[in-house]
Amino acid sequence: MTPPSASALLEAKALTREFDEGHVKALRGVDFSIKEGDFVAIVGPSGCGKSTLLQLLGALDRPTSGTLFYRGISLPDHPNPAAYRAREVGFIFQAFHLLPTFTAAENVQIPMFETDRSASERRERAFELLKLVGLEHRLDHFPSKLSGGERQRVAIARSLANEPSLLLADEPTGNLDSENAHSVFDLIISLQQEQGRTMVLVTHDPTIAGRAGRTLRMMDGRIVSDDKR
Amino acid sequence: MTFFTVVIRGLWRRPLRTGLTLAGISIGIAAVVALVGMSRGFEKGWQVGLKARGTDIVVSNRGGSLTPKPFDASVRDRIAGLPHIAATCNLLVEVTSVEESDLMILSAREWGGFAWNNLELVSGRMPRDATEEAAVLGQTAAEVLKKKIGDPIQIETKKLTVVGIVKGGALVEDGSVILSLPLLQGIIGAPNQINAIDIGVTPSTTEQQIKELTRQIEQLVPEVRAVTVSEHLSHNEGFRLVKAMSWGTSLLAILVGVLGVMNTMLMTVFERTHEICVLLAVGWTRGRIMRMILYESALLGLFGGVIGVAIGAIGVQVLSATPAIKGLLQPDLSIALLGLSVVIAIAVGIISGLYPAWRSSRLNPSQALQAG
Amino acid sequence: MSAAELADQLDVVSQGSALIRTKLEVRSLAGAKRVLQLQIKQRRTKTTSDLAYQVLWPDEHKGEAVILHQAHGVAKGSIIVPQQPVRAIKASQMNEGLFDSDLSYQDAVENFFAWKKQALVGSETINGVNCQILESKPDSSSVSIYAKVRSWIDPQRFVPMRIEKYSSSGELVRRIDVTRVARDEKHHPIPASLTVHGPRKNSVTEFNGARIDQDVQFTDADFTAAGVLK
């Protein structure tokens, strides 16, 4: 096993992921390295394996072969993947994935159960985060009473709940109209830049990809280009 | 928001289903409370009755149907000399029709015997002597016969006066007409006839010695049977059947409850697959997911148990106030039984939640969260 | 066992003397209920019956009594109410109810098992008991208000489980159902509770026996007005 380079936040070598006993090869050997503070866009046509890659980075899924290290720790062998997801990673999904029976403030608090914060600390932090995304007036609204853009802002606030080092966003604006998409994307950019977080963003929108510092282009389970600006 | 809020929200998302599940558990638990409460009340009634009288052994005739067959009072003299016997009391117990009631217990007790000691006067007085034409009534008997102090009461051919209302500390006594032994013997023309002897033993006597004593009594007077108070009931076929049936029915009710909760929790896990995957994705451990499902089903059990205990307790009270049962049965709704029922309900909840919880923790978040 | 033998056996078990206490309850269909506690003195031989019914309770009827005699098939009786002259029961009144119940004086005193004409007319199961149906008809030596009595006999215990009494026009006049069979002191089975349906359609009478003392020594005076009033 190749030892990971010390400077990399994420390092993948010969990463593959197969489904249905090898019939479906979503990733066919992917190598890359992402440094702390990078803003990486992964682009490519549907089914090129970009979402699969994101799930591997988030430890929601395990690779079939190859190695994947986070700060020098092998993710597939992580002793506590839930803790990794809770403390190191913030997920932003295309379909928001808010819990319908919880208010905006409550949705933001959900990941905090995995930390030592008290109930009042959780409430306070949820308020701050929703204020940060401009929703301090929507604290007690249920997701069904929020617009699409507002929902994604709540989801972004949730992804920041435990101050993760790594934000993973899967088509975060894919379900939004262009105006909302624009403002949500601005929010994501500012979060990445102002707070210096590492951001890996899957998109097929070239204008969004164009604002990232680095673009990984994928095709048929492989990385075909790696452009840095 | 606390973890508890999360659990409550889980139950609240389908109020009707949660309500129906609660109804299912509560009916099951209500059945447990009612049936076990009744059978325990029955058991306790007899035991308290005998124990309260200071009775350790009851001597009665072999055979006999509703009440034991009479035998001669001289039997007492034959056994009184046996070791460990502290006191004896001759009794003649009849079950007969009194005035408008079909079945009334007439409990005639040896004048001065210890069986009188535990009667507590609620009002009026005790008979003055063995021959006063008077009776005292247990509270329930007074209610059933609609008697108050000073009223006449027709016992067989004799008209007696109700001089007192008593509390016997046991159901049997509360439903009895209590009078002196010679008086009843005179009324039914059976001088010297008794059908039971209550025996109290000296305080230091062991259970073993009491058993030995019953053996000696039966050896000395072959026509009688001597049983200890604790045996008295456990030897009763009818009672054993009642007990077995009440627990059997309860178990069935509990099983139905388990299936109901399990069904509900499985449905909720299937329905919430997506949400559970989101929880996993934002970092919830599988343990916390399992805990959430288990708490939900335990909470269903707890609420169902509390409601069921309330329904059962009220139902039993209503039931025992119906004319058919009144006076025959005082349910024993001890805190222990109510507590046990709630604990059973919670256990039902937890047990039924185990499989759904396990199922939920095995979900794979990656597939459920594919974009789109 | 032939009909005559069965009837004879039933006649034999009914002989003797007994002191009985029973509850008499007359219920109307409207829901009203009248309860009497009775003491019955009873003395029967092969050819005679003496009966004295006395009310023990309630107080307003206490001391009221009915005395019935039957000798060689002829029944007579008298009604006693305290502070009133004793009234004889006329032959035409034998059909009236004992203490205004559904059981008539005639039913109480007549012994149809002693009648000469007995026949077995079938068998039927009543309350799980396989019964022989015995049909008894009065002969010239017996005077009855009935033309025919059918009784469903439990041949194991020699206890009638049901008795139906018919008029000369063949109409069912009374039906007596035995609802409880108890054992007496000698462990012989005896009917302990009865339900009586009579010609009055709006009421039903129940006898619920509470106690029986057998082989009691009675004198003839026990079955006279003076003896009862004493």
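Quick check: at a probe of 1.4 Å, how many percent of the accessible area of the range C:3-229 sits on carbon and sulfur atoms?
The nonpolar share, carbon plus sulfur, comes to 51 percent.
Out of C:VAL55, C:VAL109, C:VAL74, any idea which swings most in a Gaussian network model of chain C, alpha carbons joined below 10 Å?
C:VAL74
Quick check for you: with a 1.4 Å probe and neighbouring chains kept, what is the accessible area per residue of chain A, in Å²?
43
Which cross-chain or sequence-distant (5 or more) residues have an amide H under 5 Å from the amide H of C:TRP115, H modelled 1.01 Å from N in plane?
The answer is none.
Rounded to the nearest 0.05, what FRET efficiency do B:MET267 and B:LEU354 give with R0 = 22 Å and r taken as the Cβ-Cβ distance? Could you check? Write out the running numbers ahead of the final one.
Details: r = 16 Å, r/R0 = 0.71.
Calculated value: 0.90.
Can you give me the % of accessible surface on chain B that is carbon or sulfur? Probe 1.4 Å, all protein chains present, nothing else counted.
64
Given the protein chains as shown and a 1.4 Å probe, how many square angstrom of C:GLU124 are accessible, to the nearest 10?
Accessible area of C:GLU124: about 80 Å².
Would you compute, from DSSP H runs of 4+ residues alone, the mean residue ellipticity of the protein assembly as shown at 222 nm, taking -39500 (n - 2.57) per run and dividing by the full residue count, rounded to the nearest 500?
Values: 23 runs with 293 residues, N = 831.
Value at 222 nm, helices only: -11000 deg cm²/dmol.
Kindly tabulate the residues in the range B:1-16 with an accessible-area decrease of at least 10 Å² between the chain alone and the assembly of all protein chains, using a probe of 1.4 Å.
Checking the loss per residue gives B:MET1, B:THR2, B:PHE3, B:VAL6, B:ARG9, B:ARG13.
Out of all DSSP beta bridges with both ends in chain A, state the antiparallel percent to the nearest 5.
55
Would you please give the residues with an amide H less than 5 Å from that of C:ILE126, counting only those at least 5 places away or on a separate chain, with H modeled from the backbone geometry?
Those qualifying (amide H under 5 Å, at least 5 residues apart or on another chain) are C:CYS131.
On C-alpha positions alone, give me the angle between the axis of helix A:119-132 and the longest principal axis of chain A, in degrees, nearest 10.
The helix A:119-132 is inclined about 80 degrees to chain A.
Return the long-range amide H neighbours of A:MET219 (sequence gap of 5 or more, or a different chain), with a cut-off of under 5 Å between placed amide H atoms.
A:VAL224
Enter the mean number of other protein chain beta carbons within 10 Å of the beta carbon of each residue in C:177-186, as an integer.
Per-residue shielding by partner chains comes out at 1.
Heavy atoms only, probe 1.4 Å: what % of the accessible area of chain A goes to carbon and sulfur, would you let me know?
48
Can you grab the distance from the C-alpha centre of the range A:172-191 to the C-alpha centre of the range B:81-144, Å, no decimals?
91
Within the range C:87-125, whose backbone N sits under 20 Å from a point 7 Å along Cα→Cβ of C:GLU171?
C:92-98, C:101-107
Mind grabbing the accessible area of A:ARG122 for me, 1.4 Å probe, Å², rounded to tens?
20
Nearest 10 degrees is fine. How inclined is helix C:3-14 to the longest principal axis of chain C, computing both from alpha carbons?
So the helix axis and the longest Cα principal axis differ by about 30 degrees.
Among residues other than C:MET1 whose Cβ falls under 14 Å from its Cβ, what is the net charge (Lys/Arg +1, Asp/Glu -1)? Write down the numbers at each step before the final one.
Numbers: positive: C:ARG157; negative: C:GLU5, C:ASP8, C:ASP11, C:ASP154.
Taking every other residue near C:MET1 into account, the sum is -3.
What is the spin-label model distance, in nm, from B:ALA80 to B:ASN117 if the labels are put 7 Å beyond Cα along the C-beta direction?
1.6
How many Å² of accessible surface get buried when A and B come together, counting both sides, probe radius 1.4 Å, rounded to the nearest 100?
Interface area, both chains combined: 2500 Å², rounded to the nearest 100.
Order B:ILE155, C:ILE145, most accessible first, counting only protein heavy atoms with a 1.4 angstrom probe.
Correct descending sequence by accessible area is C:ILE145, B:ILE155.
If you restrict to DSSP beta bridges whose two residues both lie in the range B:63-222, what percentage is antiparallel, to the nearest 5?
Beta bridges within the range B:63-222, antiparallel portion: roughly 70 percent.
Leaving out ligands and nucleic acids, note down the accessible area per residue over the range C:3-229 with a 1.4 angstrom probe, in whole Å².
Here the residues of the range C:3-229 average 46 Å² of exposed surface.
Let me check against my output: what whole-number percent is the relative contact order of chain A, with C-alpha pairs under 8 Å and at least 6 apart?
It comes to 29 percent, rounded to a whole number.
Which FRET efficiency, nearest 0.05, do B:THR202 and C:LEU229 yield, Cβ-Cβ r, R0 45 Å?
Working: r = 55 Å, r/R0 = 1.23.
Between B:THR202 and C:LEU229 the formula returns 0.20.
Leaving ligands, DNA and RNA out of it, rank B:MET38, C:MET94 by accessible area with a 1.4 Å probe, largest first.
Per-residue accessible area, sorted high to low, gives B:MET38, C:MET94.
Can you give me the accessible area per residue for chain B, using a 1.4 Å probe, in Å²?
In whole numbers, chain B has 43 Å² accessible per residue.
Could you tell me whether the range C:1-58 comes out rounded, prolate or oblate from its Cα gyration tensor? Rule is a ≥ b ≥ c as square roots of the eigenvalues, rounded for a/c under 1.5, then prolate if a/b exceeds b/c, otherwise oblate.
Details: a/c = 4.14, a/b = 1.80, b/c = 2.30.
It comes out oblate by the Cα gyration axes.
Need one value for A:89-101: mean number of C-beta atoms belonging to other chains within 10 Å of its residues' C-beta atoms.
5
State, in square angstrom and to the nearest 100, the accessible area buried between chains B and C, both chains counted, probe radius 1.4 Å.
For B against C, buried area totals roughly 1300 Å².
Order B:GLU94, C:GLU185, most accessible first, counting only protein heavy atoms with a 1.4 angstrom probe.
In descending accessible area the options line up as C:GLU185, B:GLU94.
Once the other residues with Cβ under 12 Å from the Cβ of C:GLU64 are scored (Lys, Arg +1; Asp, Glu -1), what is the net sum?
With Lys, Arg at +1 and Asp, Glu at -1, the net is -1.
For a quick check, take a GNM of chain A with Cα springs below 10 Å and name the residue from A:THR101, A:THR52, A:THR16 with the largest mean-square fluctuation.
Taking springs between Cα atoms under 10 Å, the residue moving most is A:THR101.
Picking from B:GLU100, B:GLU218, B:GLU143, which is most flexible by a Gaussian network model of chain B using Cα springs under 10 Å?
B:GLU100
Output the DSSP H helices from chain B with an along-axis C-alpha extent of no less than 24 Å and a mean Kyte-Doolittle hydropathy no less than 1.6.
B:335-361
Sum up the charges of everything whose Cβ sits under 11 Å from the Cβ of C:ARG211, counting Lys and Arg as +1 and Asp and Glu as -1, but leave C:ARG211 out.
Working: positive: C:ARG21, C:LYS23; negative: B:GLU94, B:GLU156, C:ASP184, C:GLU185, C:ASP213.
Residues near C:ARG211 contribute -3 overall.
Can you list the residues of the range B:281-315 whose accessible area drops by at least 30 Å² going from the chain on its own to the full set of protein chains, with a 1.4 Å probe?
B:ALA281, B:VAL282, B:GLY283, B:TRP284, B:THR285, B:ARG288
Provide a list, ordered by number, of residues in the range B:127-175 showing at least 20 Å² less accessible area with every protein chain present than when their chain is taken on its own, using a 1.4 Å probe.
Residues passing the criterion (a loss of at least 20 Å², heavy atoms only) are B:GLN154, B:GLU156, B:THR157, B:LYS159.
The values are calculated or read from the model by the stated rules, or taken from the named source; none is laboratory data. Being a predicted model, the structure only gives us computed values, none of them experimental. With ideal geometry, Cβ positions are generated from the backbone for all residues, glycine too; neighbour counts draw on all protein chains shown. Only protein heavy atoms, including side chains, enter the accessible area calculation; ligands, DNA and RNA are left aside. Shrake-Rupley method; radii C 1.70, N 1.55, O 1.52, S 1.80 Å.
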